[in-house]
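Report on one structure; see the data block that follows.
The values are calculated or read from the model by the stated rules, or taken from the named source; none is laboratory data. Since we're looking at a predicted model, the values are computed, not measured. Glycine gets a Cβ as well: all are built from the backbone with ideal geometry, and neighbour counts include every protein chain shown.
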Amino acid sequence: MQPIPVWKRKLLDDVVGSYKTCQTEEDFGGFFTTHRSQHSDDIEKRLSPANLASIGSNLGHSPSSQFETGPLDIPSSAAWVAESAAPTTPDAEFKKISSEFLSDHEKQANDIKAMTDELKKDPNPDAEDWRKKLEKKRDEVKRASDKIIDDTFNKAIATIETLPESHRAAAADLWTTMSTGLLAFWKQAWAAILSVVDTVVKWVVDMWVKIKEAFHTVVQTFAAAWDWIKHIVASMAAEPDAN
């Protein structure tokens, strides 16, 4: 059996494995400290409350007590994603994979939103029944997210393996930077989604205000993620070809 290359083991163990462990233990501090890059400060700035508030303002969104039913209105840059349909270079493939990562996680967020819409429309909601439903959906979304992450990294690894051996480590480093950024944005969106479930489980008096605010954060975070990945792809395109 061929030994696993160092770059692949790093992606599978140091990135994916470490992230999932931190997610289970609800402790991401060590993960994002270990995997800091030249873009980490930029990501933290984009995820700051002030920046997310400015995104919400630009989108015309603001949290309020008026809960709106329907899918989350996340600006997913559909035209930009469509350009990724037929990638011809590793950079373009990474763009496509990143787009799918965000889009697939948006679908999971919308599944939670759809369930809260059902709860909102329930004329005589049973608190215990809805607690169980939301907790079950939370666990389903967690499993779906794990699969999305696994599939995303498998696609990236397959892309890297098409490159000459001498280029693979550098490509793996690039994907580590892109993927840890994507995971940082998803971590924040996931925290907001968990707060929605927790709000229903606790059945708090101002439940709909808190749920509205949480989904507002989800929309802002995904918008920031799309903006960031477009920035990274544009930066890669602007760099001179080192090969």
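Residue-by-condition table, conditions (1) free of Cβ contacts under 8 Å to residues at least 24 places away in the same chain; (2) touching a strand residue (DSSP E or B) at 6+ places or on another chain (Cβ under 6 Å); (3) among the basic types (Lys, Arg); (4) over 24 Å from residue 146 (Cα atoms):
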| position | (1), (2), (3), (4) |
| --- | --- |
| 94 | no, no, no, no |
| 99 | no, no, no, no |
| 103 | no, no, no, no |
| 112 | no, no, no, no |
| 115 | yes, no, no, no |
| 121 | no, no, yes, yes |
| 125 | yes, no, no, yes |
| 135 | no, no, no, no |
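Against the list (1) at pLDDT 95 or above; (2) over 21 Å from the mean Cα position of the chain (by Cα); (3) of a type outside the set (A, V, I, L, M), the condition residue 151 fails is (2). Taking the stretch 10-35 as the range and being surrounded by 14 or more Cβ atoms within 10 Å (Cβ to Cβ) and farther than 18 Å from residue 190 by Cβ as the test, the residues that pass are 10, 11, 12, 14.
Residue by residue, here is whether (1) over 19 Å from residue 106 (Cβ atoms); (2) surrounded by fewer than 21 Cβ atoms within 10 Å (Cβ to Cβ); (3) without any contact (Cβ under 8 Å) to a residue 12 or more places away in the chain; (4) not polar (S, T, N, Q) holds:
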| residue | (1), (2), (3), (4) |
| --- | --- |
| 128 | yes, yes, yes, yes |
| 143 | no, yes, yes, yes |
| 154 | yes, yes, yes, no |
| 160 | yes, no, no, yes |
| 176 | yes, yes, no, no |
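Are any of the residues in the stretch 201-218 touching a helix residue (DSSP H, G or I) at 6+ places or on another chain (Cβ under 7 Å), part of a helix (DSSP H, G or I) and among the charged types (D, E, K, R)? Within the stretch 201-218 (the criterion being touching a helix residue (DSSP H, G or I) at 6+ places or on another chain (Cβ under 7 Å), part of a helix (DSSP H, G or I) and among the charged types (D, E, K, R)), the answer is yes, since at least one residue qualifies. Residue 167 meets each of the listed conditions (1) loosely packed, with under 14 Cβ neighbours inside 10 Å; (2) touching a residue at least 24 places away in the same chain (Cβ under 8 Å); (3) of a type outside the set (A, V, I, L, M) apart from (1).
Every condition in (1) touching a Leu at 6+ places or on another chain (Cβ under 8 Å); (2) of a type outside the set (D, E, K, R); (3) within 30 Å of residue 89 (Cα to Cα) is met by residue 180 except one, and the failing one is (1).
The residue list 192, 144 contains one member that is modelled with pLDDT of 95 or more, in contact with a Ser or Thr (Cβ under 6 Å, 6 or more places away or on another chain) and more than 23 Å from residue 37 (Cβ to Cβ), which is 192. Scanning the stretch 38-48 for residues that are buried (at least 16 other Cβ atoms within 10 Å of the Cβ) and over 16 Å from residue 190 (Cβ atoms) yields 39, 40, 46.
With respect to the stated conditions, residue 189 is aliphatic (A, V, I, L, M) and in contact with a helix residue (DSSP H, G or I) (Cβ under 9 Å, 6 or more places away or on another chain).
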